[in-house]
Number of protein chains: 2
Amino acid sequence: MADPLRLAIAGLGTVGTGVVRLLQENAAMLAERAGRSLEIVAVSARDRMVERGVDLSRFAWEDDMTAMAARGDVDVVVELVGGADGPALTLARNAIAHGKALVTANKAMIAHHGLELAQAAETAGTALKFEAAVAGGIPVVKGLREGAAANRIETVYGVLNGTANYILSTMEASGADFASTLGEAQRLGYAEADPTFDIEGIDAAHKLAILASIAFGSRLDFASVACEGISRVRAADIRQADTLGYVVRLVASAEIDHAGEGPALLQQVRPCLVPKSHPLAHVTGATNAVVAQGNFVGRLLFQGAGAGDGPTASAVVADLIDIARGDIGTPFSVPAAALVPLPAADAGHHTGQTYLRFSVTDRPGVLAEITAAMRDADVSIESLIQQGRANDGGEVLVAMVTHDGPQSCIAHALELLAGSASLTAPPLVMQIIED
Amino acid sequence: MADPLRLAIAGLGTVGTGVVRLLQENAAMLAERAGRSLEIVAVSARDRMVERGVDLSRFAWEDDMTAMAARGDVDVVVELVGGADGPALTLARNAIAHGKALVTANKAMIAHHGLELAQAAETAGTALKFEAAVAGGIPVVKGLREGAAANRIETVYGVLNGTANYILSTMEASGADFASTLGEAQRLGYAEADPTFDIEGIDAAHKLAILASIAFGSRLDFASVACEGISRVRAADIRQADTLGYVVRLVASAEIDHAGEGPALLQQVRPCLVPKSHPLAHVTGATNAVVAQGNFVGRLLFQGAGAGDGPTASAVVADLIDIARGDIGTPFSVPAAALVPLPAADAGHHTGQTYLRFSVTDRPGVLAEITAAMRDADVSIESLIQQGRANDGGEVLVAMVTHDGPQSCIAHALELLAGSASLTAPPLVMQIIED
């Protein structure tokens with residue numbers, strides 16, 4: 001058997017501890033599959049004294065992560081510190097500069113600095129791998145970079161945030177509203193005390209930007225992801241969706257827009273209506289799923305646990321096995337220098353059906369005002385439901401589904417209605433995913 | 001850019017033609033992703049004169065596949081001839097013997113001769129790849145061999161035959177019986193004139209044996225797959241299943257049985273009841289899906305088109321890209337010599353809930369006879385449904401679902417009832433998949 005692959009692990013939170021545990025529990029099997037043993041040499045974390053439930057006594061402890069990245073007895077640095085910049089980025093740069101392979105679960109860092117790090121790794125002739133950064137344990141980076149590599153990918157989309165999906169599918173099951181469901185999720189530990197990254201779609205946007213780059217061979221562009229969270233989705237929207245044959249999901253999607261002068265990249269994270277017959281409609285709880293549509297393979301679906309120490313450790317160690325087996329190819333599907341910089345697409349080009357929900361005052365003429373705006377903006381209505389009576393606030397909900405049409409027309413209709421005294425709250429717009 | 005990867009393609013049916021078309025349509029993108037161009041040098045098929053809709057004029061034509069495998073200007077032989085033995089196997093052996101990499105979509109050949117071919121490829125230091133042999137375009141061989149490689153896989157199962165699934169999901173939607181649905185599928189081209197391989201589970205068994213070997217690191221053992229088809233499933237069974245909250249699927253499953261002296265391999269293909277909340281319940285039409293349960297990653301699902309020229313070509317070319325990128329690792333998850341020969345498990349050890357359907361004569365005492373046999377065999381009944389009245393043949397259906405218990409008890413109960421004058425047909429037994 002070949003020499004061991006020698007590892008340094010930075011960050012010993014739940015994921016880091018999970019990686020240590022996996023490497024210990026499955027050691028013999030891993031050595032057989034990788035063709036060499038995977039051996040932890042050194043570890044580093046902020047606080048040495050925390051009890052972590054794993055035996056770290058045989059590993060060197062490094063207080064200084066920079067020193068760890070320079071150790072002569074280390075082949076791979078595993079970065080599990082987190083954060084887009086700061087110590088994680090410094091460690092990543094240092095590790096690559098010293099010719100170490102880098103494996104990371106850090107979606108924010110890759111979304112922001114993946115291009116720079118990939119170029120550095122390619123120049124150094126070493127590996128940069130980040131399977132765990134997208135969709136936890138699901139091997140979707142590999143699935144797109146290798147499994148679907150023969151295809152021109154036309155679109156990639158999915159449910160990429162377990163917390164948001166837990167909240168939406170719980171609202172669906174219970175009929176409860178957003179605020180109380182979030183509160184319950186926080187009590188149960190499914191949502192953070194500050195849930196912004198999850199419920200506002202930023203975490204999903206990080207993952208989406210990475211997937212888009214791999215799928216399309218386009219340059220990473222996190223800044224252009226249009227991002228809208230789930231906090232404005234009401235229990236009533238979920239009920240209406242159900243009546244119409246849909247569920248609500250926070251969908252992250254990327255596609256190439258050919259409607260303009262040249263190809264452009266459309267990246268969006270926002271709550272959408274998903275037909276009940278679509279695979280994403282059955283993705284409940286903290287599960288993640290990714291759909292890729294290729295020009296030869298058709299629709300592929302990858303589904304599994306999107307977070308948690310076990311699944312994330314599984315993805316980290318899959319990367320380590322790849323490296324041990326000698327796979328140190330380009331981090332993205334093509335060399336970093338060949339990634340094409342694409343301008344951000346005009347979201348108005350996107351066509352499809354749309355769900356619109358208006359909160360309106362309970363008085364005559366409101367429906368006429370809304371439907372006139374739709375007509376004037378060239379939005380064709382397929383169905384419209386007005387709730388029977390006003391709620392306690394004297395507010396009535398009007399929900400409608402449009403025929404296929406461009407988002408630009410929807411935006412125009414909303415402009416026409418902006419400032420209307422009939423509206424008691426900004427309208428909620430949800431695109432409908434095609435089956 | 002590195003030298004081109006030079007290909008010889010044997011077999012120009014729908015899949016072979018699809019591979020040629022994919023290599024032509026996506027050529028520039030493939031070269032960028034693979035780091036070198038993928039160039040067809042030679043092709044071979046039975047009949048040179050068939051019009052195939054692709055331009056073959058720039059490739060050398062070889063009437064003799066054996067000569068093609070020996071060509072000095074070929075790096076990879078792509079075997080798309082089909083058949084477990086005969087010309088395909090001769091070609092595969094020859095190609096590897098000449099140091100060529102071999103890529104194949106031939107599930108029967110790999111299921112029967114994969115071990116021999118893997119050993120030969122490893123000895124020759126060349127690649128043997130067969131992503132397209134299992135579940136068409138779904139990258140599940142890679143998903144298990146690499147993506148889930150960090151996990152001890154506890155069980156792998158799925159819907160692996162599109163024809164059988166098309167028939168079952170059509171029966172589900174239409175309420176029609178098996179014979180008429182099969183006839184319609186044959187007229188539409190979804191089922192072969194001789195559908196035996198598909199509807200009796202043999203095709204699924206080929207794929208299962210390959211998946212099990214990769215998942216468990218066990219030696220390929222197609223012969224020990226217990227195989228039962230779908231031809232005895234009636235419209236009434238599907239209705240009963242629906243009432244009870246299930247759908248019927250032809251499920252191929254493999255697991256390690258630890259109930260005996262040492263580990264044993266249980267491989268089964270048979271119609272099962274799948275809870276409607278389970279991902280496999282939503283796999284309809286010709287779609288395939290594979291579930292793998294790992295000790296760290298939990299449940300992973302891979303889903304997509306299980307057949308067809310486009311999806312199969314996608315998988316074949318993914319293998320070619322891997323080879324072009326330099327990945328020529330062991331064909332299975334571990335070297336062929338390290339694959340563990342496991343004895344076939346006693347299917348009676350398998351525990352779970354079971355659906356039993358009896359066709360009985362419409363006379364007093366029949367229910368008592370059946371329930372007494374269940375009691376005497378220690379089978380505990382959770383629910384029982386007896387159809388209200390006899391059908392035209394004077395036959396009544398009695399369906400029941402058991403509590404959790406070993407299959408050995410079910411088998412014992414059926415022995416006690418064997419030869420009973422009350423039964424008008426052999427009982428149908430379907431295991432229930434756990435949610």
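The values are calculated or read from the model by the stated rules, or taken from the named source; none is laboratory data. Just so you know, these numbers come straight off a predicted model, no measurement behind them. Reconstructed Cβ throughout: ideal geometry from the backbone, glycine too, with neighbour counts over all protein chains shown.
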Whether any residue in segment B:291-303 is surrounded by fewer than 24 Cβ atoms within 10 Å (Cβ to Cβ), out of contact with any strand residue (DSSP E or B) (no Cβ under 6 Å at 6 or more places or on another chain), part of a loop (DSSP other than H, G, I, E, B) and not assigned by TED's automatic domain parsing to the domain that holds B:GLN407 is what I want to check. yes
Here the qualifying pairs (Cβ atoms under 6 Å; residues six or more apart or on different chains; first in segment A:44-64 and under 16 Å from A:LEU7 (Cα atoms) and in the same structural domain as A:VAL20 (by TED's automatic domain parsing); second among the acidic types (Asp, Glu) and surrounded by 11 or more Cβ atoms within 10 Å (Cβ to Cβ)) come out as A:SER44/A:GLU62
Within the bounds of segment A:176-183, is there any residue that is in contact (Cβ under 8 Å) with a residue 40 or more places away in the chain and farther than 25 Å from A:SER253 by Cβ? yes
Among the residues of segment A:1-58, what is the count of those that are surrounded by fewer than 17 Cβ atoms within 10 Å (Cβ to Cβ), within 28 Å of the chain's Cα centre (by Cα) and within 14 Å of chain B (Cβ to nearest Cβ)? 1
Quickly run through segment B:290-308 and pick out the residues that are more than 7 Å from chain A (Cβ to nearest Cβ), modelled with pLDDT of 95 or more and over 16 Å from B:ARG152 (Cα atoms). B:VAL290
Among (1) free of Cβ contacts under 8 Å to residues at least 60 places away in the same chain; (2) surrounded by fewer than 24 Cβ atoms within 10 Å (Cβ to Cβ), where does B:ARG152 come up short? (1)
Just the residues that are more than 23 Å from A:HIS98 (Cα to Cα) and in a helix (DSSP H, G or I), please, taken from segment A:1-18. A:THR14, A:VAL15, A:THR17, A:GLY18
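Per-residue answers, yes or no, for (1) at pLDDT 95 or above; (2) within 20 Å of A:THR14 (Cα to Cα); (3) buried (at least 20 other Cβ atoms within 10 Å of the Cβ); (4) out of contact with any helix residue (DSSP H, G or I) (no Cβ under 9 Å at 6 or more places or on another chain):
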position: A:ALA67; (1), (2), (3), (4): no, no, no, yes
position: A:LEU91; (1), (2), (3), (4): yes, yes, yes, no
position: A:GLY99; (1), (2), (3), (4): yes, no, no, no
position: A:THR104; (1), (2), (3), (4): yes, yes, yes, no
position: A:LYS107; (1), (2), (3), (4): yes, yes, yes, no
Need the failing condition index for A:HIS112 against (1) assigned by TED's automatic domain parsing to the domain that holds A:ARG239; (2) surrounded by fewer than 24 Cβ atoms within 10 Å (Cβ to Cβ), just the number. (1)
Just one of B:GLY285, B:GLY352 is more than 10 Å from chain A (Cβ to nearest Cβ), over 17 Å from the mean Cα position of the chain (by Cα) and of a type outside the set (Ser, Thr, Tyr); which is it? B:GLY352
Condition (residue is under 23 Å from B:ALA148 (Cβ atoms) and either of a type in the set (Ser, Thr, Tyr) or not in a loop (DSSP other than H, G, I, E, B) (or both)) applied to segment A:94-101: is it met by at least one residue? yes
Restricting segment A:400-424 to residues that are more than 19 Å from A:ALA259 (Cα to Cα) and small (Gly, Ala, Ser), the one surrounded by the most Cβ atoms within 10 Å (Cβ to Cβ) turns out to be A:ALA413
Selected residue [assigned to a strand (DSSP E or B), over 15 Å from the mean Cα position of the chain (by Cα) and buried (at least 20 other Cβ atoms within 10 Å of the Cβ)] from A:LEU265, A:LEU320: A:LEU265
Among the residues in segment B:312-319, are any touching a residue at least 24 places away in the same chain (Cβ under 8 Å) and more than 10 Å from every other protein chain (Cβ to nearest Cβ)? no
Which of the residues spanning segment A:323-347 are more than 12 Å from chain B (Cβ to nearest Cβ) and either among the aliphatic types (A, V, I, L, M) or loosely packed, with under 15 Cβ neighbours inside 10 Å (or both)? A:ALA336, A:PRO341, A:LEU342, A:PRO343, A:ALA344, A:ALA345, A:ALA347
At least 2 residues that are at pLDDT 95 or above and under 21 Å from the mean Cα position of the chain (by Cα) in each: list the helices (runs of 4 or more DSSP H) lying fully within segment B:153-261 that qualify. B:162-174, B:178-188, B:196-199, B:202-216
Consider A:ILE199 carefully, then state whether it is of a type in the set (Val, Ile, Thr), more than 25 Å from A:GLU154 (Cβ to Cβ) and in contact with a strand residue (DSSP E or B) (Cβ under 6 Å, 6 or more places away or on another chain). no
Reported set for segment A:257-277 where residues are in contact with a Lys or Arg (Cβ under 9 Å, 6 or more places away or on another chain) and within 13 Å of another protein chain (Cβ to nearest Cβ) is A:VAL274
Being touching a Leu at 6+ places or on another chain (Cβ under 9 Å) and surrounded by fewer than 24 Cβ atoms within 10 Å (Cβ to Cβ) narrows B:ARG249, B:ARG219, B:ARG239, B:ARG187 down to just B:ARG219
Per-region count, segment A:123-149, residues farther than 21 Å from A:ILE321 by Cβ and either within 12 Å of chain B (Cβ to nearest Cβ) or surrounded by 24 or more Cβ atoms within 10 Å (Cβ to Cβ) (or both): 0
